[in-house]
Amino acid sequence: MEAITFTLHDFLRDFYTPAQCLEYLRKLRWPDGIHCRKCDRVTKHHLRPEKKAYSCQYCGTLVRPTKGTIFFGSKVALPNWFWIIFQFAKTRTGITAKQIERELGITYKTALRMCNAVRSCLEEDHTLSGQCELDETYLGNSRRYFGRKRKRGRGADKRPCFGAVQRGGAVVAKVVPNTKRETLYPIIEEHVEKGSEVFTDEYKVYASLEKMDPNLSWTYRHDTVNHSQGQYVKYRRDGTEVHTNEIEGFWSYPKNAIKGVHRGVSDRHLQGYVNEYAFRQSHRKDEQPLFFTMLRHIVPVERLAA
Ligand SMILES: [Zn+2]
């Protein structure tokens, strides 16, 4: 299926004014109309742009489509927020607060806070099945150390992360305190359906995946590639390709971006960055432009009971 494109031209046409953004939020949030608390029924509401709200035609009660979202109470105009989300959706490598500072003429601090707010909304809860790949990695290099001599590899300035991908599908990626069995197994159990086929490297923690659940004769069909022996793909007789290329390919995005684009990320916001890249990866085959999928995650939808 061909993905629908949403260009900069489309964006500027549809989200140029605060009123346009509010209208979009209203439709997204209240697809069945706005239920007025005071009149106790769905009534017609009119836009009150100066209050960033809608008021009931009969009693004047105000409702705010930004309530409970990252936009609420922000001094930054809605088109600027939407523009940042548009940028998040448009790039594969991510956009930096520095670029946003320059392009929107807001302070770096505000831009960074906005980016982290958007990222915090992009956490998803996927359940993977079929053929899955698991792999852990180390991400980070905190700002404090940037430009100075750092320890390489599994040093103190990097945080362990665990990821699982369903081949051709969604990604689950988490910053974890360590890569021990007792840390990783509950995540696997929660996000990978039992009975799935899982591929990993030879890291010893994965060795008992096959019999994780004592009540089952086997929990996961598990197969490994032996990276330490220079093996990157193993072809099984049944035609299955055993490798972890897809999950490693996924990790390369946040890895390169944190190093090259963002120039280091603080520990506190690392999960947010991981969310951002996982979100893009999980939705890369969507028909709907990513921009609208992101907005859907930011704005709660209030449906009326039928
Ligand atoms: Zn009313």
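The values are calculated or read from the model by the stated rules, or taken from the named source; none is laboratory data. A quick note: this is a predicted structure, and the numbers were derived from the prediction, not measured. Cβ coordinates were reconstructed from backbone atoms using ideal geometry, including for glycine residues, and neighbour counts include every protein chain displayed. Protein only, heavy atoms only, side chains kept; ligands, DNA and RNA dropped before computing areas. Shrake-Rupley method; radii C 1.70, N 1.55, O 1.52, S 1.80 Å.
Observations on the structure shown:
- Percent accessible area from carbon and sulfur atoms, the chain, protein chains only, probe 1.4 Å: 49 percent
- Separation of the Val76 and Thr127 label points, Cα + 7 Å toward Cβ, nm: 3.6 nm
- For Arg159, residues with placed amide H under 5 Å, excluding near neighbours: Leu139, Gly140, Asn141
- For q = 0.11 Å⁻¹, Debye-computed log10 I/I(0) when each Cα of the chain counts as one equal scatterer: -0.79
- Cleavage-rule hits (GluC sites (Glu not before Pro)) in segment 1-104: DSSP loop, at most 12 neighbouring Cβ within 10 angstrom: Glu2
- Considering only Val261, Val42, Val63, the mean-square fluctuation computed in a Gaussian network model of the chain, springs between alpha carbons under 10 angstrom, is largest for Val42.
- Residues of the chain: accessible area per residue with a 1.4 Å probe, Å²: 53 Å²
- If you run the Gaussian network model on the chain, springs between alpha carbon atoms under 10 Å, then out of Lys51, Lys259, Lys90 the most flexible one is Lys51.
- For segment 134-265, alpha-carbon Rg and Dmax in angstrom: 16.1, 52
- Charge context of Phe82, other residues only, Cβ under 13 angstrom, K/R +1, D/E -1: -1
- Taking every DSSP bridge with both residues inside the chain, close to 75 percent are antiparallel.
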